[in-house]
Amino acid sequence: MSAKQPLRALISNCALPANEARILLAHVLEKHYQLPRSALLSHDDMTLNDLASTQWEALIDRRVNGEPIAYILGKKGFHNIELLVAPGVLIPRPETELLVDIALAEITKLNTPTKILDLGTGSGAIALAIASETPLAHVIATDQSSEALAIAKQNSESLNLSHQVKFAQGSWYKAIGQQNQFDVIISNPPYIANLDPHLAQGDLRFEPLSALTDYASGLSCLEIIISEANQHLKSGGLIAVEHGFDQSESVMQLLQAADLVDIQVHLDLAGLCRVVSGRKRL
Ligand SMILES: C[S@@+](CC[C@H](N)C(=O)[O-])C[C@H]1O[C@@H](n2cnc3c(N)ncnc32)[C@H](O)[C@@H]1O
């Protein structure tokens with residue numbers, strides 16, 4: 001049986017790429033033997049007991065069937081925090097960390113308690129990453145999905161951030177009071193067009209469709225969030241939204257049409273236009 005092979009052979013003989021096999025094997029070692037990831041090297045001649053072998057094989061099968069690693073492990077690192085994730089929420093992406101950095105730069109600039117709105121919070125990734133970095137951040141995080149909000153609240157509690165991050169359910173600005181005005185509005189809304197073939201491919205097949213697509217052109221959620229931003233921003237307040245790699249021009253036009261100023265495009269680490277920001281006039 002393959003599972004009676006030493007760890008190093010389990011990795012080299014695995015049907016998965018070696019980096020994925022290492023992640024899953026480290027998970028098994030942690031769960032069954034309380035060993036750190038470094039045991040993959042320091043104990044590379046060890047064999048797994050029957051229970052651990054069965055779990056290792058089950059995890060490999062799930063990944064071979066296409067399930068994302070983050071759902072298999074039930075967790076995902078994002079910015080400086082670790083989040084619980086499950087099939088009810090989008091798996092936070094590295095490119096979304098750009099929104100966190102933009103919000104943190106604004107808080108540093110204001111250097112005062114800052115009211116932030118995170119629209120479509122999913123696992124709570126953006127809201128919680130911001131709040132974990134500075135006590136000046138006071139965030140309202142919204143989502144339409146009760147499943148997502150339940151996971152986001154769990155993350156908030158386990159990160160001890162419940163005093164800084166409050167949650168509200170509803171469609172975009174309907175989740176918050178009309179009078180509520182913010183220094184910063186941040187959002188990573190669904191922006192994949194409904195006919196995009198990627199929705200039926202790879203890891204995306206396992207994520208909630210309502211987190212990925214607006215079931216239209218890809219721009220309809222961005223349009224609502226941007227066109228109503230002025231009503232919910234303080235004077236000079238900042239809005240920053242993530243979008244698809246080819247939507248930058250259209251999103252800039254939406255900001256212009258909404259009479260937002262100081263419009264800027266922000267690149268992700270791969271050099272792609274990923275975020276557009278703008279401000280309410282002073
Ligand atoms: C792309 S995911 C982003 C999740 C999280 N902010 C992140 O970056 O990992 C979009 C989120 O918007 C939520 N959403 C979709 N339609 C919505 C609506 N009409 N009102 C509020 N949230 C919505 C989805 O449930 C999902 O959690």
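The values are calculated or read from the model by the stated rules, or taken from the named source; none is laboratory data. Owing to the predicted nature of the structure, the values given are computational and were not obtained by experimental measurement. In this analysis, Cβ positions are derived from the backbone assuming ideal geometry, glycine residues included, and neighbour counts consider all displayed protein chains.
Of note:
Yes or no, residue by residue, for (1) at pLDDT 95 or above; (2) more than 14 Å from the ligand (Cβ to nearest atom); (3) within 21 Å of Ile91 (Cβ to Cβ):
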| position | (1), (2), (3) |
| --- | --- |
| Ala211 | yes, no, yes |
| Ala216 | yes, no, no |
| Ile225 | yes, no, no |
| Leu233 | yes, yes, no |
| Gly237 | yes, yes, no |
| Gln247 | yes, no, yes |
| Leu255 | yes, yes, no |
| Asp268 | no, no, yes |
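- Of all residues assigned to region 183-193, none qualifies as being over 22 Å from Glu95 (Cα atoms) and in a loop (DSSP other than H, G, I, E, B).
- The set of residues from region 270-281 being over 20 Å from Leu222 (Cβ atoms) and modelled with pLDDT of 95 or more comprises just one member, Arg281.
- Within region 198-209, considering residues that are more than 8 Å from the ligand (Cβ to nearest atom) and in a loop (DSSP other than H, G, I, E, B), the one surrounded by the fewest Cβ atoms within 10 Å (Cβ to Cβ): Gln201
- Of the helices (runs of 4 or more DSSP H) lying entirely inside region 39-158, those containing at least 1 residues that are in contact (Cβ under 8 Å) with a residue 40 or more places away in the chain span 50-64, 69-73, 97-110, 125-133, 146-158.
- Exactly one residue among Lys115, Lys76, Lys109 is surrounded by fewer than 16 Cβ atoms within 10 Å (Cβ to Cβ) and either of a type outside the set (Val, Ile, Thr) or within 16 Å of the ligand (Cβ to nearest atom) (or both), and that residue is Lys109.
- Flag not set for Ala9, criterion: among the hydrophobic types (A, V, I, L, M, F, W, C), part of a helix (DSSP H, G or I) and within 16 Å of the ligand (Cβ to nearest atom).
- Qualifying residues in region 164-197 (those that are loosely packed, with under 13 Cβ neighbours inside 10 Å and more than 13 Å from the ligand (Cβ to nearest atom)) - the one nearest to Ala148 (Cα to Cα): Gly177
- Candidate set: region 86-96, residues that are out of contact with any strand residue (DSSP E or B) (no Cβ under 7 Å at 6 or more places or on another chain) and either at pLDDT 95 or above or not small (Gly, Ala, Ser) (or both); chosen: the one nearest to the ligand (Cβ to nearest atom): Leu90
A quick yes/no check of all residues on (1) in contact with a Leu (Cβ under 6 Å, 6 or more places away or on another chain); (2) buried (at least 18 other Cβ atoms within 10 Å of the Cβ); (3) among the acidic types (Asp, Glu):
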site	(1), (2), (3)
Ser38	no, no, no
Asn80	no, no, no
Ile91	no, yes, no
Leu119	no, yes, no
Leu128	yes, yes, no
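- Top-ranked residue of region 33-69 - restricted to ones that are farther than 24 Å from Ala200 by Cβ and among the small types (Gly, Ala, Ser), ranked as modelled with the lowest pLDDT: Ala39
- Any chance Lys153 is within 9 Å of the ligand (Cβ to nearest atom) and of a type in the set (Lys, Arg): no
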